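One structure below.
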Amino acid sequence: MRNRKFSRFAPPLATASVLVLALSACSGGSSGGSGSTSGGDAASNVDGRGPITYVQGKDNSDVVRPLVDKWNAAHADQKVTFKEQSDSADQQHDDLVQHFQAKDANYDVMSVDVVWTAEFAAKGWLQPLKDKTALDTSTFLPATVKAATYNNTLFAAPVSSDGGLLYYRKDLVPTPPKTWDEMMGMCSIAKTNNMGCYAGQFQKYEGLTVNAAEAMNTFGGKIVDDSGKATVNSSESKTGLGKLVEAFKNGNIPPEAITFKEEDSRTAFQDGKLLFLRNWPYVYNLASKTDGSSKVADKFGIAPLPGMSGPGASSLGGHSAAISVYSKNKATALDFLKFLTSDEEQKFFATQGSLAPVIGNLYKDSALTAKLPYLPTLLTSIQNAVPRPVTPFYPGVTKAIQDNSYSALKGEKSVDQALTDMQSALVAAGAK
Ligand code: GLC
């Protein structure tokens, strides 16, 4: 069953406003003058122009470097330096938090995962994109704008969306499975071919939250309901998480997948070691390479994630670019955001990195769909994707999901116990 509802995680109003107030009170510039041009509040440096730094996770598909070169060739006095982080979502998050806490004016523009918007915005670290720093979002997919918005204010420019896809070996499985159980039934084909059957991302990090949430949502569970109440301890979530646990137990998910992040799982699939892979669209271009790096270049297809009786529910992924309130050159930063979200550069994200554009019309662009035939499947995945809980307290929420689903996958806790503990950890993290 598809779960199309937006799982809004609303902290009690009083707590939320106290938090925002307390944090904005201490977010003044380094010289301390309120309303001064020293940086550190939304009003400061909005006309500032000059060199800036763009911070983003590992540029796996070599998209950012050429874009930055192109920008720099046209902006000699406002050059962008690309600061490349690791390829792990959690490390990227912690690096940004440390720099924000240090009020670092050198982290001007940063790539913000959709699940960090609420936390960073509530802490007063992101420049609101309104008034002098306003951005037109009319052409963007609504889900991407919603994910960059907090308390009705836009805090970041959607740059790339993300939806889960099923990569499958079309040479071995001519018709992809529509349901999870059907897919598990095909694992005998993997055995015959001496390969693993299915993998996603199961290491204890943000990717596990994505995969566990997908399993639970696909079978009708909900982590939190629309009022922000923790509702994860349900029979539906048990069924969903139970499917992953069972597949680990019976070997349909190979044991090494417990260490997989996106890149490990992509490599395993490209090396011909997996029949099915759950991953994001960026894998398409890399796995299609004919330079010898992929053993499956012309042997794989893309299908919707398999579900209970039809397609499964992807977690909504993606990244936006935000301007730090501490930046000294916010006018340049805003122009860079506009550059990243222009039609031309969004096409480049799609062709160069098979990343999901944020501009809705590009999914109907015939030149693009000819090159990237999976675009309609991807659009459906994104449009039906379920956001992870939206809350300024997301670090505690994702930890509750990761810790407990990881213990269940490793067989250290029963599924029942894992969900009971997940429920209490969600409440301790701020859910009702
Ligand atoms: C992708 C998604 C992001 C998610 C991350 C988990 O980068 O775009 O939203 O949090 O994977 O590893």
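The values are calculated or read from the model by the stated rules, or taken from the named source; none is laboratory data. In this text the structure is predicted, and so the values were computed from the model without any measurement. Every residue, glycine among them, receives a Cβ derived from its backbone with ideal geometry; neighbour counts consider all protein chains shown. Please note that ligands, DNA and RNA were not included when accessible areas were found on the heavy atoms of the full protein model with its side chains. Shrake-Rupley method; radii C 1.70, N 1.55, O 1.52, S 1.80 Å.
Brief remarks follow.
- If only residues of the stretch 140-154 that are part of a loop (DSSP other than H, G, I, E, B) and more than 16 Å from the ligand (Cβ to nearest atom) are counted, the one that is least open to solvent (accessible area, probe 1.4 Å) is ASN151.
- Within the stretch 34-60, tally of residues that are at pLDDT below 95 and surrounded by fewer than 18 Cβ atoms within 10 Å (Cβ to Cβ): 6
- Selection from the stretch 321-342 of residues that are closer than 19 Å to ALA105 by Cα and within 16 Å of the ligand (Cβ to nearest atom): ALA321, ALA322
- Condition check for THR377: under 30 Å from ALA303 (Cβ atoms) and outside the structural domain of ASP59 (by TED's automatic domain parsing): yes
Conditions (1) within 30 Å of THR175 (Cβ to Cβ); (2) open to solvent by 10 Å² or more (accessible area, probe 1.4 Å); (3) assigned by TED's automatic domain parsing to the domain that holds ASP69; (4) not in a loop (DSSP other than H, G, I, E, B), marked per residue:
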position: ALA322; (1), (2), (3), (4): no, no, yes, yes
position: SER327; (1), (2), (3), (4): no, no, yes, no
position: ALA333; (1), (2), (3), (4): no, no, yes, yes
position: LYS338; (1), (2), (3), (4): no, yes, yes, yes
position: GLU344; (1), (2), (3), (4): no, yes, yes, yes
position: PHE348; (1), (2), (3), (4): no, yes, yes, yes
position: THR351; (1), (2), (3), (4): yes, yes, yes, yes
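- So ALA122, is it more than 16 Å from the ligand (Cβ to nearest atom), surrounded by 17 or more Cβ atoms within 10 Å (Cβ to Cβ) and not assigned by TED's automatic domain parsing to the domain that holds GLY240: yes
- Flag if ALA230 is out of contact with any His (no Cβ under 6 Å at 6 or more places or on another chain) and over 18 Å from ASP171 (Cα atoms): yes
- Test: GLY318 is in a strand (DSSP E or B), within 16 Å of the ligand (Cβ to nearest atom) and either open to solvent by less than 20 Å² (accessible area, probe 1.4 Å) or touching a helix residue (DSSP H, G or I) at 6+ places or on another chain (Cβ under 8 Å) (or both): yes
- Residue within the stretch 100-109 that is open to solvent by 40 Å² or more (accessible area, probe 1.4 Å), assigned to a helix (DSSP H, G or I), within 12 Å of the ligand (Cβ to nearest atom) and modelled with pLDDT of 95 or more present: no
Results for (1) hydroxyl-bearing (Ser, Thr, Tyr); (2) part of a helix (DSSP H, G or I), shown as yes or no for each residue.
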| residue | (1), (2) |
| --- | --- |
| ASP403 | no, yes |
| SER407 | yes, yes |
| GLY411 | no, no |
| ASP416 | no, yes |
| THR420 | yes, yes |
| ALA425 | no, yes |
| GLY430 | no, no |
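- Residue in the stretch 360-382 that is at pLDDT 95 or above, touching a Lys or Arg at 6+ places or on another chain (Cβ under 6 Å), under 18 Å from ASN217 (Cα atoms) and surrounded by fewer than 23 Cβ atoms within 10 Å (Cβ to Cβ) present: no
- For the stretch 249-264, a tally of residues being within 16 Å of the ligand (Cβ to nearest atom) and farther than 16 Å from SER354 by Cβ returns 6.
- Of all residues in the stretch 138-156, those satisfying the criterion of being more than 10 Å from VAL358 (Cα to Cα), among the hydroxyl-bearing types (Ser, Thr, Tyr) and in contact with a helix residue (DSSP H, G or I) (Cβ under 8 Å, 6 or more places away or on another chain) are THR149, TYR150, THR153.
- The set of residues from the stretch 71-90 being touching a residue at least 24 places away in the same chain (Cβ under 8 Å) and part of a helix (DSSP H, G or I) comprises TRP71, ALA89, ASP90.
- Any chance ILE258 is surrounded by fewer than 17 Cβ atoms within 10 Å (Cβ to Cβ) and aliphatic (A, V, I, L, M): yes
- Within the stretch 249-276, being under 17 Å from ALA408 (Cβ atoms) and not in a helix (DSSP H, G or I) holds for GLY251, ASN252, ILE253, PHE260.
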